[in-house]
Amino acid sequence: MRVMGNFDLAEELVQEALLEAIQHWPKTGIPDRPGAWLFTTARRKAIDQARRDARYKEKLVLLEGAAMSLDAAEGDDRLRLIFTCCHPALSREAQLALTLRAVAGLTTVEIARAFITSEATIAQRIVRAKRKIVDAGIPYRIPQDADLAERLQEVLAVLYLMFNEGYLATGGEAATRRDLAEDAAWLAGLLVRLMPREPEALGLLALMRLHLARNDARFDAAGQLVLLQDQDRQKWDRDRIASATALLDRAAALGRPGPYQLQAAIAASHAEAPSWEETDWNEVIALYDALLAFTPSPVVRLNRAIARRHVSGPGVALAEVDATAPELDGYYLFHATRAELLRELGRAVEAHEALERALPLTQNPAERALLERRLEG
Amino acid sequence: MKYMLMFTATRDGQNQWDAMPEQQRSAEYARINEWFERAGARVVGGYELQPEQTATTVRFNSGKPVVTDGPFLEAKETIAGYAIVDVGDLDEALGLAKTWPTGGTVEVRPVIEREGAPGQG
């Protein structure tokens, strides 16, 4: 088995997968493509195993490489499946569950854990989605020409949502949910393999890898969230960063910029800086300006204002942040950002008030803990 | 597969339509006719409905029918017309719905086809 460097390990994993198949298939019936099922299951087990292994990163890369070697027919099939699972006629929840089940090979139990809901809920969601596909006549095909761009956007949105669900871990076991981010990145990698000349697919994969590269630095020993500006950059995964910037270069060569490429470029800007202070803030601001042309959202404007602080000072930045107030008054990060800037401007009382406004606006335990720490000292 | 495309109108839209100069209204109808021409044989039925103030509703109050003025939906949008299309799959039906010229909402729902049922075909 060319996948794993360690032949014994590979053999053991295939054996385990076969065992599971023998137990599983009498109940569910033999899947249409037993080879693909076995591979997917073995892959998942290999990932679990690899996590426990000190040199897991190396193996993960090998795995990812091998999972990508599909023949043309299998590739087309996978693409058809991805586009069908992400059809806009299905709700977001259905798209997420179906894609994880049918394309990534997760069990309903694994999906339920990832979304902190019951297996019954996920099972029902998938059943209903499949029923709608049949009843409403959702076709099983790769969208053509005019539809392709729009449908690709839908797939990217599903994958990015999936990634964020796992990455931001709004509750429950942080470790389990980080698997979801890895699964999303795997799916994004598959999409890139199947559509290598789609720059936004490349951009999304790059963005995910750049986020994942910072994983080890995001939480401290006490399990507290560490912001980007405070992270130990020695803990960043330089291999992942290199792989991501290579993807971005490939995307750029295709000459069709887009929001995911730009978000990835911003993340890359941070990744390349030796420290927060040495970040090329002018480049970051320019990238946000370009991003605003695609997605003129107040959140993007907020992020741009944060970058502005480093070039034009907290006063200018605060004015820009305040300009987003009508839209972002219910967003915790708006108030948290204001608090930071006010503190820098020596307006301690207002800073404290802003933090208090921020706290009830987020349920994320790590974010709440961070705000509470700031309120105390 | 057959789908019903339900075209909606809002009260404001209806008022705008009524207030339109004749020439503009003709132009709008021309675009609608173009849509039907392009759809061609894929359209197997349909009607424009008269506006909502012409509607009468029959409700059932503990099994007893009660007649009232107005459409059944007290909604901002009401059904202004429908078309039945016979196409290969949902994407084709959506393709037609997306080019509907009046800019209102279009609901696309598959019909249930039963052999020999009244009104079929």
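The values are calculated or read from the model by the stated rules, or taken from the named source; none is laboratory data. Owing to the predicted nature of the structure, the values given are computational and were not obtained by experimental measurement. In this analysis, Cβ positions are derived from the backbone assuming ideal geometry, glycine residues included, and neighbour counts consider all displayed protein chains.
Remarks
- Enumeration of residues in the stretch A:126-148 that are assigned to a helix (DSSP H, G or I) and within 14 Å of chain B (Cβ to nearest Cβ): A:Ala129, A:Arg131, A:Lys132, A:Ile133, A:Val134, A:Asp135, A:Asp145, A:Ala146, A:Asp147, A:Leu148
- On inspection, A:Val155 qualifies as modelled with pLDDT of 90 or more and either buried (at least 22 other Cβ atoms within 10 Å of the Cβ) or touching a helix residue (DSSP H, G or I) at 6+ places or on another chain (Cβ under 7 Å) (or both).
- Candidates in the stretch A:216-238 are the residues that are at pLDDT below 90 and assigned to a loop (DSSP other than H, G, I, E, B); of these, the one that is nearest to the chain's Cα centre (by Cα) is A:Arg218.
- Taken together, the residues in the stretch A:103-135 that are at pLDDT 95 or above and either under 14 Å from A:Leu180 (Cβ atoms) or in contact with a strand residue (DSSP E or B) (Cβ under 7 Å, 6 or more places away or on another chain) (or both) amount to 1.
- Of all residues in the stretch A:302-350 being β-branched (Val, Ile, Thr) and touching a helix residue (DSSP H, G or I) at 6+ places or on another chain (Cβ under 7 Å), the one that is farthest from A:Thr362 (Cα to Cα): A:Val311
- Among the residues of the stretch B:89-105, not a single one is over 14 Å from the mean Cα position of the chain (by Cα), of a type in the set (D, E, K, R) and within 19 Å of B:Gln16 (Cα to Cα).
- Of the residues making up the stretch B:32-67, those that are surrounded by 12 or more Cβ atoms within 10 Å (Cβ to Cβ) and hydroxyl-bearing (Ser, Thr, Tyr) number 1.
- Out of B:Tyr29, B:Tyr3, sole residue that is within 14 Å of another protein chain (Cβ to nearest Cβ), closer than 24 Å to B:Val108 by Cα, of a type in the set (Ser, Thr, Tyr) and surrounded by 10 or more Cβ atoms within 10 Å (Cβ to Cβ): B:Tyr3
- Wholly within the stretch B:64-119, strands (runs of 3 or more DSSP E) carrying at least 2 residues that are within 22 Å of B:Tyr29 (Cβ to Cβ) and aliphatic (A, V, I, L, M): B:77-86
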